[in-house]
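Chemist: Handing you a structure now.
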Amino acid sequence: MKRTVIKIDEELCNGCGNCVEGCHEGAIQLINGKAVMVSDLYCDGLGACIGECPVGAIELIEKETEPYSEEAVMKRISPKGEKVILAHLKHLRDHNEMKWFNEGVEWCRKNEVVIDLSKIDATAKPEAKEKLACGCPGSMEQDFRTAKPSAVNVTPVLKRAQAENSESFEFGKSELQQWPVQLHLLSPMAGFLKGSDLLLASDCSSFSHGSFHSTFLKNKSLAIACPKLDSNTQSYIDKLTLMIDESKLNTITVLMMEVPCCGGLIQMAKLARERAKRNIPLKAMVMSLRGDILSEEWV
């Protein structure tokens with residue numbers, strides 16, 4: 001079957017071993033001073049190890065390989081003890097992979113491996129939190145759709161803005177449904193992408209339109225990218241293809257600026273749709289530098 005797994009560039013790898021610690025499934029080992037994927041069977045394709053790599057030697061790819069096996073992973077990591085098992089289960093839960101999470105818990109029950117699931121949420125005090133599964137808080141996946149909205153913190157800056165614009169000032173509501181949003185950091189298999197309508201927006205668009213959230217982002221998942229400045233845009237096409245096929249995206253809306261280089265964004269989305277097995281609706285929207293919508297069409 002074709003599925004997402006990691007690929008390690010041995011030439012770039014400096015042998016630091018950070019990815020080995022970040023992979024709770026035990027799919028990566030250091031061999032002869034280089035990180036090596038020991039078996040696709042253990043790779044869940046969520047890419048948590050990518051945030052651990054300081055030299056960018058790891059990427060997500062789609063390849064023909066054996067399906068991921070939660071049972072195989074549990075057999076492999078269970079001898080390492082409860083702490084490793086709980087770290088693995090927390091990793092699955094944080095990525096909203098509850099099917100695998102439940103399979104892992106059931107495996108422990110059947111094999112009489114005693115674990116205390118309450119320890120997953122019994123985290124340390126905020127000033128002494130454990131290292132996140134992905135290594136970097138900025139790339140830790142979070143689904144905001146079921147979270148309680150946080151209260152607006154009326155800072156001195158907001159108070160001053162309200163006083164200076166008393167007739168028209170209104171606290172904006174965030175419509176963001178997930179984190180992260182940068183396309184390089186997004187796993188194409190993330191739970192919040194499944195069956196969603198994706199807004200693929202240029203980096204600059206949210207700064208050009210005053211009501212970006214309510215006008216474009218509401219009820220959509222989000223990916224942001226810059227086809228001119230971002231590196232390895234081929235990986236963007238690969239990710240979007242996987243999102244269409246594996247996460248079953250419903251639609252993609254591409255929001256780009258009027259500058260010529262921004263047109264690369266819609267081209268990447270078109271290529272991804274051409275390569276995908278599913279044909280989904282694709283909308284192209286072009287915004288002026290001052291935030292006016294110049295064109296909007298299904299392509």
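Chemist: Among the residues of the range 94-103, are any at pLDDT 75 or above, in a helix (DSSP H, G or I) and surrounded by 20 or more Cβ atoms within 10 Å (Cβ to Cβ)?
Modeler: Within the range 94-103, one or more residues are at pLDDT 75 or above, in a helix (DSSP H, G or I) and surrounded by 20 or more Cβ atoms within 10 Å (Cβ to Cβ).
Chemist: Any idea which of (1) buried (at least 17 other Cβ atoms within 10 Å of the Cβ); (2) modelled with pLDDT of 90 or more; (3) part of a helix (DSSP H, G or I) is the one Lys283 doesn't satisfy?
Modeler: Lys283 satisfies all of (1) buried (at least 17 other Cβ atoms within 10 Å of the Cβ); (2) modelled with pLDDT of 90 or more; (3) part of a helix (DSSP H, G or I) except (3).
Chemist: Further question on the same structure: Could you tell me whether any residue of the range 262-270 is touching a residue at least 40 places away in the same chain (Cβ under 8 Å), out of contact with any His (no Cβ under 6 Å at 6 or more places or on another chain), surrounded by 15 or more Cβ atoms within 10 Å (Cβ to Cβ) and part of a loop (DSSP other than H, G, I, E, B)?
Modeler: Checked against the condition, which is being touching a residue at least 40 places away in the same chain (Cβ under 8 Å), out of contact with any His (no Cβ under 6 Å at 6 or more places or on another chain), surrounded by 15 or more Cβ atoms within 10 Å (Cβ to Cβ) and part of a loop (DSSP other than H, G, I, E, B), the range 262-270 yields no hits at all.
Chemist: Of (1) within 21 Å of Arg278 (Cβ to Cβ); (2) in a strand (DSSP E or B), Ala201 satisfies all except one. Which?
Modeler: (1)
Chemist: Consider Val36 carefully, then state whether it is part of a strand (DSSP E or B), of a type in the set (Val, Ile, Thr) and either without any contact (Cβ under 8 Å) to a residue 24 or more places away in the chain or over 27 Å from Lys194 (Cα atoms) (or both).
Modeler: For Val36, the condition - part of a strand (DSSP E or B), of a type in the set (Val, Ile, Thr) and either without any contact (Cβ under 8 Å) to a residue 24 or more places away in the chain or over 27 Å from Lys194 (Cα atoms) (or both) - is met.
Chemist: So, in the range 44-62, of the ones that are among the β-branched types (Val, Ile, Thr) and buried (at least 22 other Cβ atoms within 10 Å of the Cβ), which residue ends up nearest to Leu185 (Cα to Cα)?
Modeler: Top of the filtered list is Ile50.
The values are calculated or read from the model by the stated rules, or taken from the named source; none is laboratory data. Here the structure is a predicted model, which is why all the values come from computation and not from measurement. No Cβ is skipped: glycine too gets one built from the backbone with ideal geometry, and neighbour counts run over all protein chains shown.
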